[in-house]
Amino acid sequence: MHMDKNPAIPDAAAGPAAYRQYARDWLQAHLPAHMRSDSLDYRTPTLDECRAWEASMYQAGLAGMTWPRAYGGLGLSLREHLAVNKEVGALSMPESVSSIGKELAGPIIQAVGREDQKQFFLPRILAMEHYWCQGFSEPDAGSDLARLRTKATQEGEQWRINGQKIWTSGAAKAHYCLLLTRTGTVADKHRGLLMFAVPMDTPGIRVVPIKSIDGKDSFAEVFFDDVVVPDGARLGEPDEGWNAAIRVLSIERATNRMYRAWRFECELRQLVAACKSDPALSQLLQDGHYERRIGEVLGEIDALKGLVERTVDQLVAGERIGARGSLTKLYWSECHQKFAELALSLVSHVTPRSSALARRARKHFTTAYLFARAETIYAGTTEVQLDIIAQRIMDLPTELAK
Ligand SMILES: Cc1cc2nc3c(=O)[nH]c(=O)nc-3n(C[C@H](O)[C@H](O)[C@H](O)COP(=O)(O)OP(=O)(O)OC[C@H]3O[C@@H](n4cnc5c(N)ncnc54)[C@H](O)[C@@H]3O)c2cc1C
């Protein structure tokens, strides 16, 4: 399935600057006001609205930039991908409802999938026909995935899967699960792991939503009781699961949601604009304490932009990012948590008599603060990133060597 090339989409020769301008013009012209969180017309978009919006972005050439044309992509470089991400970040638009499909499952299928799997899954992810969830974590295996227990047993041309996953984001809406299982025993640790693409409507799968601190139930426990899938659902060879999982995690840490720094700056500007719209909050902005904190956060956002630009330069030059992805994950999550604390401290001064924009900001930044608590946990906790940085970048002794 090829995407019919929309004639408005610039081609590779136009370069990233032209692509960025194109993305800016298109997004400004098409993003509905009710989907912009900095607008007074904002209301939480439905899943269908998000799906339609992201499908229209894909048709406009703003998704699948680096994916091969044979699978519905545009065959461009990470530079165009980054150019689009900068403009996505600069607008207060909703988070993607399909980032696990587009940014984790898609790249893994391209790396280890068979040709028929690439032909089937990749165009459907881009066209927003299939959502994915990521079934890695288990009650006793989060930071240390080598302890996972979900068992896959081969029975002729099929596999029987039994076990439990937890914290599975988007499980209730997902069509497929990128599932990590083991074929041997827990003592095998990272050997004998196997990845699958499991349809979520397979008999034996039970999804139990978990409510999070921000009131949403976007993640879940997922139970697999005698779930039978054909051998064709396997992604890669038995024993390739660990390497595939490491790839998924390094993408998640280094290049996933590349727009973050630009989104954080947009949020900071949104916060400042909301404060300026209200006399009492405006006064607070003149307080040296807040001035300094805002300056610090902006400085960190700028450094994060530099880290992202450097990552793209290295990847385009064909270098491996390896453990340096942990630096990016550590930095963005800590930086955004600090910003969310600053925002909450400012909007806590909003009263029912404050300006409409300030009241809107209070709602937005209270939710953002609560979600930011999770940012130093998912995609690898801060403590784990610090260990990786110390051990692999600075060559400090590992636990085993001590
Ligand atoms: C919002 C959110 C969404 C998520 N979505 C998904 C998803 O879609 N799919 C999925 O598979 N998982 C998902 N997760 C799970 C996430 O990957 C795990 O929570 C994370 O890997 C940590 O594992 P854990 O919760 O088991 O904590 P643990 O690994 O038990 O860690 C507990 C504490 O011990 C510390 N710790 C652990 N090991 C070490 C060590 N070696 N050195 C120092 N300190 C250590 C940790 O830093 C942490 O503070 C999500 C989590 C959140 C919060």
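The values are calculated or read from the model by the stated rules, or taken from the named source; none is laboratory data. All values reported here derive from a predicted model rather than from experimental measurement. Methodologically, a virtual Cβ is constructed for each residue, glycine included, from the backbone with ideal geometry; neighbour enumeration extends over all protein chains shown.
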Might you check whether a residue that is assigned to a loop (DSSP other than H, G, I, E, B), within 16 Å of the ligand (Cβ to nearest atom), in contact with an Asp or Glu (Cβ under 9 Å, 6 or more places away or on another chain) and not assigned by TED's automatic domain parsing to the domain that holds I377 occurs anywhere in the range 155-170?
-> no
Restricting the range 215-225 to residues that are within 18 Å of the chain's Cα centre (by Cα) and touching a residue at least 24 places away in the same chain (Cβ under 8 Å), the one nearest to the ligand (Cβ to nearest atom) turns out to be F219
Among S333, S354, S326, S282, the single one that is assigned to a helix (DSSP H, G or I), over 30 Å from Q391 (Cα atoms), small (G, A, S) and touching a helix residue (DSSP H, G or I) at 6+ places or on another chain (Cβ under 9 Å) is S282
Screening D144, D140 for residues that are under 24 Å from K211 (Cβ atoms) and surrounded by fewer than 24 Cβ atoms within 10 Å (Cβ to Cβ) leaves only D140
When every residue in the range 36-95 that is among the small types (G, A, S) and part of a helix (DSSP H, G or I) is compared, the one surrounded by the most Cβ atoms within 10 Å (Cβ to Cβ) is A83
Expected single match for acidic (D, E), closer than 26 Å to K173 by Cα and out of contact with any Asp or Glu (no Cβ under 8 Å at 6 or more places or on another chain) among D48, D25, D38 is D48
Of those in the range 217-240 that are surrounded by fewer than 21 Cβ atoms within 10 Å (Cβ to Cβ) and among the β-branched types (V, I, T), the residue farthest from I109 (Cα to Cα) is V228
Within the range 145-161, the residues that are polar (S, T, N, Q) and within 29 Å of the chain's Cα centre (by Cα) are T150
